[in-house]
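Below is one structure; the comments refer to it alone.
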Amino acid sequence: MDRTFKRILPDEGATERLGNDIAAALRPGDAVLLHGDLGAGKTSLARAVIRSLAGDRALEVPSPTFTLVQNYALRFPVQHVDLYRLADPGEVEELALDEALEESVILVEWPERAPGTFAGAIEVRLSEKDDGREAEITAPEEAAARLERAFRIRAFLETAGQGDAWRVHLVGDASARTYETIHPSAGTPLVLMNAPERRDEPVIRHGLPYSRIARLSCSVSAFVAVANALRRAGISAPEIYAQDLDQGLLLLEHLGTGSFLGSGGEPVAERYEAAARLLAYLHELEWPRSLPVPGGQDHVVPDYDHAAMAIETELLLDWYLPYVKGRDATAEERREFSRLWDELFRRLDKAEKSLVLRDYHSPNIIWREDRQGLDRLGVIDIQDAVCGPAAYDVASLALDGRATISPQLERTILDAYCAARTAPGFDRVAFEEAYAITAAQRNTKLLGIFVRLDRRDGKPAYLAHLPRIRGYLTRLFGHPALEDLAAFYQRHGFLDGEIE
């Protein structure tokens, strides 16, 4: 069922903001039909949408009146179409717009010249209203839900005093979260975190969905609580400037754009050593289990327990194994897999426990060259923090899933971490065993997650990391604690890497 939204546009700035909001809601496969008389603002609105998708407010966007179609290679392909000069509706077939729509967004001015061409499109009707314009936007249910979210974010920005800000897509991570850079009319950029509460997930075990068993956060309250706790401890996590916990919206401090990796995407030893020392500092602090959330209920940091670690490892059987071997795991394989991992998790029960940020690796660390000490590292993506083996985050860093860490650099990172552990009682031998086990758990999980991101979520780029992860596991299997697991993986060809 179609839904309709109305917006009053008193000036060109309002038209630009509407285009900015519409752009935030668009996905490949969307057609946006722009209706209105000459001078109604169709080209202005299309121009705002294209500039928003380009992340360039000054991008030249000529009218396609004479060319009929203008193509843009942006975050995804965009075609700007003007059918005003179309002599016969049948000519639209020559433009092959239906084929382009499979992977593009198409903005169409004067769609009346080719009626019935775009079924299920988003339709925008522009008309005069007092001294400005009115926009009536009609969309099918799924697209309307995206538009409603985009308009809700604009309302949130208005409440936060940033109603005139310009929004630019920043990144979408491996979850349902998305981030935008918010450019205020004056002042420094901010970051918007858009993380609706997890709902309607399929139940898979014991009446619970995967996210609950794996102890993943269901609300932005967790991010607020952990970020505030880290900042109180002197660690640079984003400050929260505005929040709507019910809607899953946060307006955050922008920690900078410095890459933790080198200019060519290569690991930089100095930065990894600094990140290791930050972990050493974090692991020598006492962390309360209940963390306050301004305006909400306290957040209790969950345990990274056996059930959570186990269901993560099972992603290898559920997703990776069918991908590389073309078959499901047998019941016997599942039983042996579960037994081996359960023995390893019991060994981890004796390991040192601390706050575990869980995804402490290059995409989530900002390098701030102009700062000193711990402040050189900005930490993001912390909402899934748990209480678990301290070695886990060291493993996440020293065997970075997104950058190839040589054995020599891995050892350098571990040495930097251990040298910074100054508190009495730190046991390096016990740490090395916990490191090997948690690193094997994490990389087993990553093999499954990266295939799931491709097969379930349509994100094939993650498959490029599989050879690196297999290499890390092969390296780890030299540790005595992993001897039986290594033999099992080898016997069943889990790390062969050949797709059948």
For ARG271, all conditions in the list (1) out of contact with any helix residue (DSSP H, G or I) (no Cβ under 9 Å at 6 or more places or on another chain); (2) in a helix (DSSP H, G or I) hold save one; what is the number of the exception?
(1)
From the list ASP393, ASP415, which residue is surrounded by fewer than 21 Cβ atoms within 10 Å (Cβ to Cβ) and either at pLDDT 95 or above or not assigned by TED's automatic domain parsing to the domain that holds LEU348 (or both)?
ASP415
Keeping to segment 446-463, report how many residues are farther than 19 Å from ALA214 by Cβ and touching an Asp or Glu at 6+ places or on another chain (Cβ under 9 Å).
3
Of all residues in segment 319-361, how many are part of a loop (DSSP other than H, G, I, E, B), within 30 Å of TRP287 (Cβ to Cβ) and of a type in the set (Lys, Arg)?
2
Matching strands (runs of 3 or more DSSP E) fully within segment 134-200 where at least 1 residues are aliphatic (A, V, I, L, M) and closer than 25 Å to ALA121 by Cα
166-172
Considering (1) closer than 28 Å to ARG346 by Cα; (2) buried (at least 16 other Cβ atoms within 10 Å of the Cβ), say which one THR474 fails and leave the rest.
(2)
For segment 46-90 the number of residues that are among the hydroxyl-bearing types (Ser, Thr, Tyr) and over 18 Å from VAL32 (Cβ atoms) is 1
Counted residues, segment 1-38 - those being surrounded by fewer than 17 Cβ atoms within 10 Å (Cβ to Cβ) and over 16 Å from LEU126 (Cα atoms)
6
Filter result for ALA48 (small (Gly, Ala, Ser), in contact with an Asp or Glu (Cβ under 6 Å, 6 or more places away or on another chain) and within 22 Å of LEU147 (Cα to Cα)):
yes
Which numbered condition trips up ALA145, out of (1) small (Gly, Ala, Ser); (2) closer than 30 Å to TYR241 by Cβ; (3) crowded, with 19+ Cβ neighbours inside 10 Å?
(3)
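Condition check ((1) farther than 22 Å from ALA40 by Cβ; (2) assigned by TED's automatic domain parsing to the domain that holds ALA46; (3) surrounded by fewer than 19 Cβ atoms within 10 Å (Cβ to Cβ)) across all residues:
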{"site": "ALA114", "(1), (2), (3)": "no, yes, no"}
{"site": "PHE118", "(1), (2), (3)": "no, yes, no"}
{"site": "ARG125", "(1), (2), (3)": "no, yes, yes"}
{"site": "ASP130", "(1), (2), (3)": "no, yes, yes"}
{"site": "ARG133", "(1), (2), (3)": "no, yes, no"}
{"site": "ALA139", "(1), (2), (3)": "no, yes, no"}
{"site": "GLY163", "(1), (2), (3)": "yes, no, yes"}
If a residue must be surrounded by fewer than 18 Cβ atoms within 10 Å (Cβ to Cβ) and either of a type in the set (Lys, Arg) or under 19 Å from the mean Cα position of the chain (by Cα) (or both), how many such residues does segment 364-386 contain?
2
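The values are calculated or read from the model by the stated rules, or taken from the named source; none is laboratory data. Not measured: the values here are computed from a predicted model. Glycine also receives a Cβ, built like all others from the backbone with ideal geometry; neighbour counts cover every protein chain displayed.
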